[in-house]
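Single-structure report; data block below.
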Amino acid sequence: MLNSLTPERADALRATLPTDRFAQADPGHLQEPRGRYKGNAGLVARPRSTDEVATLIRAAADARVPVIPYGGGTGLVGGQVSPNGPLPLILSLERLNGIRNVYAEENVLVAEAGVVLADVQAAADDVNRLFPLTLAAQGSARIGGNLSTNAGGTGVLRYGNARDLCLGIEAVLPSGEIFHGLSRLRKDNTGYDLRHLLIGAEGTLGVITAASLKLFAKPKHVGTALFQVASPAAALSLLAMARDHVGESVTAFELIHRQGFDFLAETLPQIRNPWEKTPEWSVLVELGLSGGASPADMLERLFQEAATAGLVADGMIAQSESQRTDFWTIRESIPEANRLIGSVSSHDISVPLGALADFIAEAGKRIAALGDFRINCFGHVGDGNLHFNVFPVPGKTRADHADQREVIKRTLHDLVHEMDGSVSAEHGIGRLKVDDLERYGDPAKMAAMRAIKAALDPLGIMNPGAVLRRG
């Protein structure tokens, strides 16, 4: 049984560290970006070191007080807030914000968990290296949260998820013990890999406090283009063609539906639509080349071959860094436009590439059978990850369809499951998808996850109610 962080217990926690390590929760600590959950807290702790994190976890375990790890607060599945249950301690990693070391020749950077993702990218850039994890919230998301949720983003096609970009971690376990796993090794077969257990665990098995991250050589030449494609199936054929041309130099391949441009025009009119007539489907393609070849020339040849094959009808190749930035601003602003419109139900899903076009077509039919809605389907089509979001028609709001949200979600997630996909591609489970994990998760996997949770966190203090249902 967990205990609320009463004033008396809060005073006991305060006694473990200097007084400036504690504060009252502000509104940012108690809400998540989509407004689905409002959290509660008895106290916010802001430790300055891993040892201080360990001290807090030990004290929380002794008091049987729940702990909610908090990074940048940008998660979209409610993992960073506790809307019910005993009042928790919010453990903010914001002051663990140092770059500990950069090993440029090894292509390794060691960062503390509270370093903002954009600052990790900048530290890599300072030594002429690339840290390729890229996402819309990179100016506020923190690397510990990125790892705890196994964040994806636009570079997964070439570089992988956050999990693939991490060589080692340091973490505080629910017992208060420190796991000293900041390895810089590429090969280490010494038993179970606790790094991969803690990455993606969303703070339910411990608190990541630092990480050894992979760096890469920066592409010498980058080319970016917007192509009009005939359909999602044509987009996938174009991706295969692009890989035939340049192999793994395809850095990003993003699918954009017309509805995304329409939402931008409606909510963010300052973002210019480069199309004279918005096509039904577009793809944003980026190449990163290390040699002397011109990516613009390669994109031009790709367009010509794809046009001959009937895959593309029009296109634009960025002629400057400013135009490249404009193209990416379109893609990265679509989530904000979605937020301003207000979705009835949002879905972060993935399906096998071979099923993607059929999923989009069938999902549209099943949603149409439920009523009159707008669909904004976009995402990282190169790795099978779609953001398939359902919106009210003009004149209606999402509140008008509140009673349909669950049936819409179930309809789409059932289809994802039928097609051997995942109902959580890159955002995690958090609190939003606990029911979905139970419904669609493999029984053996679920049993193993519960056993691991019980073994590492027998008191259940770490982020209770996230990923696994509160015991």
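Observations on the structure shown:
- Filter result (surrounded by fewer than 20 Cβ atoms within 10 Å (Cβ to Cβ) and in contact (Cβ under 8 Å) with a residue 60 or more places away in the chain) within region 293-312: ALA293, SER294, ALA296, GLU305, ALA309, GLY310
- Considering region 252-270, and only residues there that are open to solvent by 20 Å² or more (accessible area, probe 1.4 Å) and touching a helix residue (DSSP H, G or I) at 6+ places or on another chain (Cβ under 8 Å), the residue that is nearest to GLY291 (Cα to Cα) turns out to be LEU268.
- The single residue among GLY379, GLY384, GLY471 that is surrounded by fewer than 16 Cβ atoms within 10 Å (Cβ to Cβ) and at pLDDT below 95 turns out to be GLY471.
- Cβ pairs under 6 Å, 6+ apart, first in region 363-391 and under 24 Å from GLU332 (Cβ atoms) and part of a helix (DSSP H, G or I), second open to solvent by 10 Å² or more (accessible area, probe 1.4 Å) and not polar (S, T, N, Q): GLY382/LEU157; ASP383/VAL156; ASP383/LEU157
- Here THR149, THR134 are screened, and the one residue that is buried (at least 23 other Cβ atoms within 10 Å of the Cβ), more than 13 Å from ASN97 (Cβ to Cβ) and among the β-branched types (Val, Ile, Thr) is THR149.
- Scanning region 392-429 for residues that are among the hydroxyl-bearing types (Ser, Thr, Tyr) and either in a loop (DSSP other than H, G, I, E, B) or in contact with a Lys or Arg (Cβ under 8 Å, 6 or more places away or on another chain) (or both) turns up THR397, THR411, SER424.
- Considering region 336-357, and only residues there that are touching a Pro at 6+ places or on another chain (Cβ under 9 Å) and part of a helix (DSSP H, G or I), the residue that is surrounded by the fewest Cβ atoms within 10 Å (Cβ to Cβ) turns out to be ARG339.
- Residue in region 52-72 that is surrounded by the most Cβ atoms within 10 Å (Cβ to Cβ), counting only those that are in contact with a helix residue (DSSP H, G or I) (Cβ under 6 Å, 6 or more places away or on another chain) and of a type in the set (Gly, Ala, Ser): GLY71
Residue-by-condition table, conditions (1) modelled with pLDDT of 95 or more; (2) hydroxyl-bearing (Ser, Thr, Tyr); (3) over 20 Å from the mean Cα position of the chain (by Cα):
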{"site": "GLU300", "(1), (2), (3)": "yes, no, yes"}
{"site": "GLU305", "(1), (2), (3)": "yes, no, yes"}
{"site": "VAL312", "(1), (2), (3)": "yes, no, yes"}
{"site": "THR325", "(1), (2), (3)": "yes, yes, yes"}
{"site": "VAL351", "(1), (2), (3)": "yes, no, no"}
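- For region 22-51, the set of residues classified as open to solvent by 30 Å² or more (accessible area, probe 1.4 Å), part of a helix (DSSP H, G or I) and modelled with pLDDT of 95 or more consists of ASP51 only.
- Scanning region 383-430 for residues that are acidic (Asp, Glu) and out of contact with any strand residue (DSSP E or B) (no Cβ under 9 Å at 6 or more places or on another chain) yields ASP403, ASP414, GLU418, ASP420.
- Restricting attention to region 352-395, the residues being among the polar types (S, T, N, Q) and under 12 Å from LEU412 (Cβ atoms) number 1.
Yes or no, residue by residue, for (1) in contact with a strand residue (DSSP E or B) (Cβ under 8 Å, 6 or more places away or on another chain); (2) among the small types (Gly, Ala, Ser); (3) under 27 Å from SER424 (Cβ atoms):
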residue: ARG272; (1), (2), (3): no, no, no
residue: GLN304; (1), (2), (3): no, no, no
residue: PHE327; (1), (2), (3): yes, no, no
residue: ALA361; (1), (2), (3): no, yes, yes
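- If the condition is being part of a helix (DSSP H, G or I) and over 27 Å from LEU412 (Cα atoms), then region 449-471 contributes ALA451, ILE452, LYS453, ALA454, ALA455, LEU456.
- Close Cβ contacts (under 7 Å, 6 or more residues apart or on different chains) running from residues in region 394-405 that are without any contact (Cβ under 8 Å) to a residue 60 or more places away in the chain to residues that are of a type outside the set (Gly, Ala, Ser) and surrounded by 15 or more Cβ atoms within 10 Å (Cβ to Cβ) comprise ARG398/VAL344; ARG398/PRO392; ASP400/PRO392; HIS401/VAL344; HIS401/PRO392.
- Filter result for ARG158 (farther than 21 Å from HIS380 by Cα and either open to solvent by 40 Å² or more (accessible area, probe 1.4 Å) or in contact (Cβ under 8 Å) with a residue 60 or more places away in the chain (or both)): no
- Within region 264-292, the set of residues being of a type in the set (S, T, N, Q) and either at positive phi or in contact (Cβ under 8 Å) with a residue 24 or more places away in the chain (or both) comprises THR267, ASN273, SER282, SER290.
Okay, residues lined up against (1) open to solvent by less than 30 Å² (accessible area, probe 1.4 Å); (2) of a type in the set (Lys, Arg); (3) at pLDDT 95 or above:
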position	(1), (2), (3)
ASP372	no, no, yes
VAL390	yes, no, yes
VAL416	yes, no, yes
VAL434	yes, no, yes
GLU438	no, no, yes
GLY441	yes, no, yes
LYS445	no, yes, yes
ALA466	yes, no, yes
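- Single unsatisfied condition, SER175 versus (1) more than 22 Å from ASP383 (Cα to Cα); (2) surrounded by 17 or more Cβ atoms within 10 Å (Cβ to Cβ): (2)
The values are calculated or read from the model by the stated rules, or taken from the named source; none is laboratory data. Quick caveat, the model's predicted, so the values are computed rather than measured. Backbone-built Cβ (ideal geometry, glycine too); neighbour counts: all protein chains shown. Surface areas here come from the heavy atoms of the whole protein model, side chains and all, with no ligands, DNA or RNA. Shrake-Rupley method; radii C 1.70, N 1.55, O 1.52, S 1.80 Å.
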